[in-house]
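Structure, as structure tokens:
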Amino acid sequence: MHMIPVVASDVHKAHHSIEFSRGTLGPSQEDPRRADIIATALRMAGHALREPEDLDLDLLARVHTPEYVEFLSTAWALWEERFGADVPAMGFTWPGRGSDVSRPDDLVGRLGYHSFAADCSIGPATWHAACEAAAIAQTAADLVNGGERAAFGLCRPPGHHATTDQFGGYCYLNNAAVAAQRLLDHGAARVSVLDVDYHHGNGTQAIFDDRRDVLTVSIHADPTVEFPWFSGYAHERGVGDGDGANVNLPLPLGSGIGDYRSALDTALDLIGSAGCEAIVVALGVDTFVDDPLGAFTLGSDDYTEIASRISTLDLPTAIVQEGGYAVEAIGDNVATFLAPFS
Ligand code: Q9C
Ligand code: ZN
């Protein structure tokens, strides 16, 4: 049996953000142990792990703005110079609704301008870790471009909440968007990003919203009662040239495999009939019944069924890691998901 290749790295370990949750700032649930546990489980399952190639900055520039890349790459040094190295950098003032926003020159203003949530911070290792995660996604896409039927990028930090120019939701650079753009750049005329994380992939939607060449489809918890609150609704269908090329399939809290299967079949019918030549799966296993952040009720075995159905598309498939916070189960859940692609 051919186990699908896995791209992973230890660079993520030094990045551990803080998050504001229920009135308190504390260590993020997006913990370095997540990726270590997944890597161990995948090795045990027989996957070969390899390191990423260097990140292509031209590729990165096709999904993020130059201002944002400049901001992220310099924010920690500017913060440390001004406030010291003891506390990480975080935004705390965001533009109001309907305001005509200009980009502040000051770092503190920019932290608000370039973020949308108080759930993650920038520390000394954040930029390097985010670039490595994007490089992992790029390398997974390259393996698929090189003829692998599927490849997995063990990205950490995750990426699907990061927009063209804002971090949030534990995400800084949009790894799934990087992978999708890489598949396009290799010659695919159209690709799909199928986001199965518990949370809406608002960043991926925003990055590709006005484009037809990427069909973004997300299955996630109803945003009327869940992060990211302000997007993920079924009426968001893409804009301009991208009209019809974004599909949101929100599900109620408490959803299990029955509801999930229906949404997934809708997603797969759309992707299958849209002429996509390759697919990126944004894989969050925070849909797991015991996930501390999620309220779906999927069991480990359900990941076999979900992955099997996705694999019936029979498209070249780059899978990238997003969320999943039930650390005791995260390794098995990811390994279980990857098995049907082997
Ligand atoms: N402390 C991903 O799954 N809100 N991001 C958490 C509870 C943010 C999740 C609030 C959730 C972000 C990649
Ligand atoms: Zn999530």
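Take the residues of region 24-44 that are buried (at least 19 other Cβ atoms within 10 Å of the Cβ) and β-branched (V, I, T): which is farthest from the chain's Cα centre (by Cα)? Restricting to residues being buried (at least 19 other Cβ atoms within 10 Å of the Cβ) and β-branched (V, I, T), the top hit is I37. Of the residues that make up region 7-19, is at least one farther than 19 Å from A162 by Cβ, of a type in the set (D, E, K, R) and more than 16 Å from ligand 1 (Cβ to nearest atom)? Yes: region 7-19 contains one or more residues that are farther than 19 Å from A162 by Cβ, of a type in the set (D, E, K, R) and more than 16 Å from ligand 1 (Cβ to nearest atom). Residues that are closer than 26 Å to N175 by Cα, touching a residue at least 24 places away in the same chain (Cβ under 8 Å) and buried (at least 20 other Cβ atoms within 10 Å of the Cβ): does region 77-86 have at least one? Scanning region 77-86 turns up at least one residue that is closer than 26 Å to N175 by Cα, touching a residue at least 24 places away in the same chain (Cβ under 8 Å) and buried (at least 20 other Cβ atoms within 10 Å of the Cβ). Any chance region 117-132 includes a residue that's within 16 Å of ligand 2 (Cβ to nearest atom), among the acidic types (D, E) and within 25 Å of I37 (Cβ to Cβ)? Yes: one or more hits.
For residues in region 155-180 being within 14 Å of ligand 1 (Cβ to nearest atom) and among the hydrophobic types (A, V, I, L, M, F, W, C), which is nearest to A339 (Cα to Cα)? So, considering only residues that are within 14 Å of ligand 1 (Cβ to nearest atom) and among the hydrophobic types (A, V, I, L, M, F, W, C), the one nearest to A339 (Cα to Cα) is C155. Annotation note: of G91, G98, G109, the sole residue that is away from ligand 2 (no atom under 16 Å from the Cβ), surrounded by 13 or more Cβ atoms within 10 Å (Cβ to Cβ), at pLDDT below 95 and over 21 Å from A150 (Cα atoms) is G91.
The values are calculated or read from the model by the stated rules, or taken from the named source; none is laboratory data. Computed from a predicted model, the values in this text were never measured in an experiment. Every residue, glycine as well, gets a Cβ built from its backbone with ideal geometry; the counts of neighbours run over all protein chains shown.
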